[in-house]
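Have a look at the structure below, then the notes.
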Amino acid sequence: MSRLIRLLAALTVLFAMPLAAQVQWRAGPLVYTPAYDFTLGYTPNGTGYFVSQAYIPSPPQPTVNQPFYVSLRMEGIASPSVGRLMTVGFVPPSGASVYVNASAPVRCFYRAMSGTGGWIEFTNTVITDISFGANLRITGCPQPAAGANPYTIIPVPGGNAYQLDRRDPNNPGATAWPLGSQAGYEFLIPLVANRTMSGNNGIEADRFYGTVRSVQGDGLDPWAFPYLGLLVSATSPTPSTDLQVSQQLPPPPPPPGRVSYTIRCANNGPNAASNVSCSFADVPSGLNASTVCSPTSPQTTLAAGSAIVCSVILDKYLGFRTMSGVVASGATPDSNLANNTFPFTLYGGLAEVILQNGFETLDF
């Protein structure tokens, strides 16, 4: 029961890429599907789902023609005895489409069945989850193709949806995602809208839907349709800029016995940005962590082409820590919210840098 309570609590917290205070996540209602327990003979909640959207309250963003991320997240609660395969899709509202650009890829995250580890971002690298004796292959974050239909269209109850298919080169026919008890997935999908949207969940025309079927082999195999009314504001007449955070190479060496990571928060223009902050999210406590920035953060004005470089320094430790570099402007509209965060994992003095083609390990 304690695991169930912990997981239900986790489902009420927005994850995925913690951003600076200026960038927030708004979430739709939690949706659950059941799983039949043959041992105890009852039907508890088996999986939980929700949709969320990145936005900035002031000045209101995203605006028309500005890319932004929408998240589709699911977490296992009670697992059927035969396991569970998730057929995952989504339906954007009319006027919104998938933003196909390498600068804002679809991002995929996984959390292992043990429920004790952090979220891991995966691209083309295979992740094998062996917690609780299971052996699940998680592969291939599905990137969209250019053109009218960025993903395969599949039938779902009530219509059609784009399919987010698992891509395993060793098993090309296995397009569903294995989901064990307490495991989780989060898919961040970049969208762009050509019209304003109210953000009101009651207006169905503005809703983004996830379409997920949990194939469980327990006679239920239920569908879930988590949703969120998207919020898109009118185009702002205020001059905009594009802030972007990335890894800074090569990073400066940390002091003996410590670990460090360095990010670069750049203003790609075309205009200067006001009140720009460059920082780290989810910095662990108890490790004497400190952050040093040059120039200091925040900057009252950051000219186009300029950057703030920040390093986080902390004591070495066992295990790993997942953090994110974040950049935000307190006043100037950002034309692309999709590149305002950069996740990374520090592990025992090593940094695993997540790249589009896999994991690259740098020894500090």
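The values are calculated or read from the model by the stated rules, or taken from the named source; none is laboratory data. Please read all numbers here as calculations on a predicted model, not as lab measurements. Positions of Cβ are generated from backbone atoms using ideal geometry, with glycine treated the same way; all protein chains shown enter the neighbour counts.
For this structure, a couple of remarks:
- Candidate set from segment 158-177 (those that are outside any loop (DSSP other than H, G, I, E, B) and under 20 Å from the mean Cα position of the chain (by Cα)); member that is modelled with the lowest pLDDT: Trp177
- Ser240 vs. criteria buried (at least 16 other Cβ atoms within 10 Å of the Cβ), of a type in the set (Gly, Ala, Ser) and under 24 Å from Val98 (Cβ atoms): yes
- Failed condition for Pro18, given (1) over 16 Å from Gln182 (Cα atoms); (2) of a type outside the set (Gly, Ala, Ser); (3) modelled with pLDDT of 80 or more: (3)
- Just so you know, in segment 183-206 the residues that are buried (at least 23 other Cβ atoms within 10 Å of the Cβ) and more than 24 Å from Arg167 (Cβ to Cβ) include one that is nearest to the chain's Cα centre (by Cα), and it is Ala193.
- Residue check, Arg195 part of a loop (DSSP other than H, G, I, E, B), in the same structural domain as Ala102 (by TED's automatic domain parsing), closer than 18 Å to Phe109 by Cβ and charged (D, E, K, R): no
- Test result for Val312, at pLDDT 95 or above and either buried (at least 16 other Cβ atoms within 10 Å of the Cβ) or outside any loop (DSSP other than H, G, I, E, B) (or both): no
- Residues that are among the small types (Gly, Ala, Ser) and not in a loop (DSSP other than H, G, I, E, B) were ranked within segment 130-139; the one that is farthest from the chain's Cα centre (by Cα) is Gly133.
- Whichever residue in segment 207-233 is over 22 Å from the mean Cα position of the chain (by Cα) and assigned to a strand (DSSP E or B) and, among such residues, is nearest to Val156 (Cα to Cα): Trp223
- Of the residues screened, Gly180 is one that is part of a loop (DSSP other than H, G, I, E, B) and either at pLDDT 95 or above or farther than 24 Å from Gln53 by Cβ (or both).
- Summed over segment 274-286, residues that are touching a residue at least 12 places away in the same chain (Cβ under 8 Å), among the small types (Gly, Ala, Ser) and surrounded by fewer than 21 Cβ atoms within 10 Å (Cβ to Cβ) total 2.
- Flag for Ser103 being surrounded by 16 or more Cβ atoms within 10 Å (Cβ to Cβ) and either touching a Pro at 6+ places or on another chain (Cβ under 7 Å) or polar (S, T, N, Q) (or both): no
- If you filter segment 317-334 down to residues that are more than 18 Å from Gly118 (Cβ to Cβ) and surrounded by fewer than 22 Cβ atoms within 10 Å (Cβ to Cβ), you find that the one that is farthest from the chain's Cα centre (by Cα) is Ala331.
- For segment 83-101, the count of residues that are in contact (Cβ under 8 Å) with a residue 60 or more places away in the chain, charged (D, E, K, R) and closer than 27 Å to Asn201 by Cα is zero.
- Only strands (runs of 3 or more DSSP E) whose full extent lies in segment 19-129 are considered here, and the ones with at least 3 residues that are assigned by TED's automatic domain parsing to the domain that holds Gln216, within 20 Å of Gln216 (Cα to Cα) and of a type outside the set (Val, Ile, Thr) are 45-55, 68-76, 85-91.
- Checking each residue in segment 119-146 for being surrounded by fewer than 16 Cβ atoms within 10 Å (Cβ to Cβ) and in contact (Cβ under 8 Å) with a residue 60 or more places away in the chain picks out only Asn124.
- Residue that is nearest to Leu287 (Cα to Cα), among those in segment 254-273 that are crowded, with 19+ Cβ neighbours inside 10 Å and among the polar types (S, T, N, Q): Ser260
- Pair list, Cβ < 7 Å and 6+ apart or interchain, from segment 155-175 residues that are of a type in the set (Asp, Glu) to residues that are in a loop (DSSP other than H, G, I, E, B): Asp165/Pro142; Asp165/Thr152; Asp165/Thr175; Asp168/Thr139; Asp168/Gly140; Asp168/Ala174
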